[in-house]
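The values are calculated or read from the model by the stated rules, or taken from the named source; none is laboratory data. Computed from a prediction, not measured in an experiment: that's the story for all the values here. Neighbour counts are summed over all protein chains in view; Cβ atoms, including those assigned to glycine, are modelled from backbone coordinates with ideal geometry. The protein model used for the area step is the full one, side chains on, heavy atoms only, and it has no ligands, DNA or RNA in it. Shrake-Rupley method; radii C 1.70, N 1.55, O 1.52, S 1.80 Å.
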Amino acid sequence: MTTKMITGAELIVQSLIDAGVEHIFGFPGGKVIPIYDVLYDAEIKHFLTRHEQGAAHAADGYARASGKVGVCLATSGPGATNLVTGLSTAHMDSIPIVAITGQVNVPMIGNDSFQEADIYGITIPITKYNYLVKDVNLLQGIIKEAFYIAQTGRPGPVLIDIPGDIQTTKVRLKKIGPIKLPGYAVQAKGHPRQIETLLQAIRTARRPIIYAGGGVVSSGASAELKKFVKQTRIPITNTLMGKGIFPERDELALGMLGMHGTKYANYAIHESDLIIALGVRFDDRVVGNVQKFAPLAKIAHVDIDPAEIGKRMAVDIPIVGDLKIILSMLNQKIKTRSRKRWLDRIARLKEDYPLTYTDDGTLKPQYIIQTLSDMTKGEVIITTSVGQHQMWAALYYQTTEPRRFISSGGAGTMGYGFPASIGAQISQPDQTVVALCGDGSFQMCIQELATMRTYNVPVKIFILNNGYLGMVRQWQEIFYNRRYSATHFEFNPDFCQIAAGYEVPAMRVTEPGEVKSALDKALNSDGPMLVDFRIAPEENVLPMIPPGGGQTDFIGEGEE
Ligand SMILES: Cc1ncc(C[n+]2csc(CCOP(=O)(O)OP(=O)(O)O)c2C)c(N)n1
């Protein structure tokens, strides 16, 4: 503890160090110069992105890959508003981020001052919590509290807006005790009677199924989940956010469910008599139609956030609590079962409705991802942006561990994947990181090639280039009679030349026969690499359930 007076900016950086922060992603401007001045020789490493959106997504990718809080920093006004998409992305997927923004000086707030934006007001609905600091004496406590809120209970982004004059005012560092927040109680253990009810339901169920998602990743409960599945022999389907919580090659794994999920996962849900929903939201891309969902099943829902229980789906066995604790309790009490009949039925569903695509000699995205999955044994970190490539990755890349499939689920943010891959790679320097991008999504944060090059971040960028905003084109094909309004790129840049401009090595692949050697070369290169895969332009993501459809209302039968 020091009694020395320091500036607000020094206090900010010291508080970040005290919170264990090693890396920050940001972009400077007038109202954060005092913070940048302290960062100039601080032990925290700052990564200068080329856009604040890139900084927010990089902090998010950093958080998802590591389980730590990601930190981003931007100036007031446009700098702060450029964080909005990234904050909303993190908020929808419950990702812990602390975002620090500069603000105009306290007396100038509300004067439409130069570069003033009410980022506090703007971000209320897209953060877990946010602050506008008007008293430097509160700053240290607020920063500590922000990290606490971001990572406890259901995680989420927290924004701290700090006026310039607060950063330059002198203050004394204090000793801050444990955080106590009345009204913010995290219910971790789960109600014992409800847990007993669930155990009873599991004992009597004949066709139970686990539907598990991002909550399992957040609570670090993957090991407990694996044990639970092995012990109970209950088949498991995962959401996009839940990829990797259970090895997807396992015979009990059904892959992803929902709109673009596997047919066998969706049929299994439909036939089930007990759904054990773990850390999921019953969101509309999973449950298109709540009335038609699992008509024969009792539903148990375990989640740390009481607001999620019964939000979209009425449930029979609600349990509020931390999945790691609750699964450990279940594991202690549960008995091993063989479940032959139900597992035979699951095997049959897998046989009857396999995940397939037509191999017509053209360069198919499914083939590229399947080959990547086989070559890497599902072990590298994959980030995606949003669109068809994201869904093909979800279906064909068989992830083995949590925190290795990083994708914008709830917000569906194009442009997310590439900057997120940079954050993921910085947090996991010993891992291979692949950014799977659509040609549309890549162009939304293409400027981060400079960040990648500056810090020599060895991400492998694989562009699945179809020359279209593919997912929207697919909807236009199916629901709008092929009227491709504003989804065809009449011009696309030569991505290899763009990469060359940023001094990133690049290759183009046009034939299926070139895929293995290109992947091999990229995965084994020490530095960054970009591969422009020119895929079949009008390939569709199948299976598909139309919006609002029940779990078995597939379209495109016979096309696969
Ligand atoms: C920021 C943003 N704008 C618009 C959309 C709507 N949208 C969803 S998927 C998609 C097409 C994505 O195209 P691309 O990145 O090329 O991927 P593809 O679907 O072709 O694999 C669009 C425009 C979005 N998700 N995010």
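Quick notes
- Percent of alpha-carbon pairs separated by more than 18 Å within the stretch 263-351: 52 percent
- With DNA, RNA and ligands ignored, accessible area of Val38 (1.4 Å probe; Å², nearest 10): 30 Å²
- Sparse-neighbourhood loop sites, chymotrypsin sites (Phe, Trp or Tyr not before Pro) in the stretch 14-90 - DSSP loop, at most 10 other Cβ within 10 angstrom: Tyr40
- Heavy-atom accessible area, probed at 1.4 angstrom with all protein chains present, ranks Val71, Val186 as Val186, Val71, highest first.
- The stretch 480-506-the stretch 312-359 distance, computed between alpha-carbon centres (Å): 41 Å
- Along principal axes, Cα extents of the stretch 495-560, largest first, whole Å: 48, 25, 21
- Extension gain from Asn137 to Ala223, taking 0.36 nm per residue of separation minus the Cα-Cα distance: 26.7 nm
- For Ile317, the amide hydrogen comes within under 5 Å of the amide hydrogens of Ile299, Ala300, His301, counting only partners 5 or more places away or on other chains and with H modelled in the peptide plane.
- Debye equation applied to the C-alpha atoms of the stretch 5-172, log10 I(q)/I(0) at 0.10, 0.20 Å⁻¹: -0.30, -1.34
- The chain - charge dipole about Cα centre, Lys and Arg +1 at Cβ, Asp and Glu -1, debye rounded to 20: 2380 debye
- Summed side-chain charge close to Arg207 - residues other than Arg207 whose Cβ falls under 10 Å, Lys, Arg +1, Asp, Glu -1: +2
- For the stretch 8-101: span of alpha carbons on each principal axis (Å, largest first): 33, 28, 20
- For the chain, with +1 on Lys and Arg beta carbons and -1 on Asp and Glu, the positive-most of Ile122, Asn466, Ile446 along the dipole: Ile122
- Remark: relative contact order (the chain) = 14 percent; criterion is Cα-Cα distance under 8 angstrom and separation of 6 or more residues.
- Annotation for the stretch 223-303: GluC sites (Glu not before Pro) lying in DSSP loop with at most 13 further Cβ atoms inside 10 Å of their Cβ are Glu251.
- A crude spin-label estimate for the pair Ala307 and Asp344, with each label 7 Å from Cα along the Cβ direction, gives 4.7 nm.
- Accessible solvent surface per residue of the chain, calculated while the other protein chains remain in place, 1.4 angstrom probe, Å²: 40 Å²
- A 1.4 Å probe, protein heavy atoms only, puts the accessible area of Met444 near 100 Å².
- Of all accessible heavy-atom area on the stretch 123-186, the percent that carbon and sulfur account for (1.4 Å): 58 percent
- Note on the chain: Rg/Rh from Cα positions, Kirkwood definition for Rh, rounded to two decimals, is 0.98.
- Annotation: the antiparallel percentage among DSSP beta bridges lying fully within the chain is about 5.
- Looking at the stretch 5-172 alone, DSSP beta bridges between its own residues are antiparallel in about 10 percent of cases.
- Linear extension gain, Ile478 paired with Lys45, 0.36 nm per residue minus alpha-carbon span: 151.1 nm
- With a cut-off of 13 Å on the backbone N, the residues of the stretch 213-256 near the modelled label site 7 Å out from Ser328 along Cα-Cβ are 220-225.
- Kyte-Doolittle mean at least -1.0, axial Cα span of 20 Å or more - DSSP H helices of the chain: 52-66, 136-151
- Figure note: Ile176, Ile162 ranked by solvent-accessible area, largest first, 1.4 Å probe, ligands and nucleic acids not counted: Ile176, Ile162.
- Binning the C-alpha pair distances of the stretch 126-212 at 5 Å intervals from 0 yields a P(r) profile of 3, 11, 15, 16, 13, 9, 8, 7, 6, 5, 4, 3, 1, 0 %, listed from the shortest bin outward.
- In the stretch 185-225, trypsin sites (Lys or Arg not before Pro) in a DSSP loop with at most 11 other beta-carbon atoms within 10 Å: Arg206
- Computing Rg and the Kirkwood Rh from the Cα coordinates of the stretch 192-352 gives a ratio, Rg/Rh, of 0.91.
- Potential lengthening between Gln231 and Ile109 on full extension [0.36 nm per residue; Cα-Cα distance subtracted]: 38.0 nm
- Put simply, the Cα atoms of the stretch 307-375 extend 51, 34, 28 Å along their principal axes, the longest span coming first.
- The candidates His57, His270, arranged from most to least accessible area with a 1.4 Å probe in the full protein assembly, appear as His270, His57.
- Options Val386, Tyr353, Met329, ranked by Cα towards positive dipole end of the stretch 315-388, top entry (Cβ charges): Met329
- For the stretch 365-534, the fraction of alpha-carbon pairs in successive 5 Å shells from zero, as %: 2, 9, 19, 23, 22, 15, 7, 3, 1, 0
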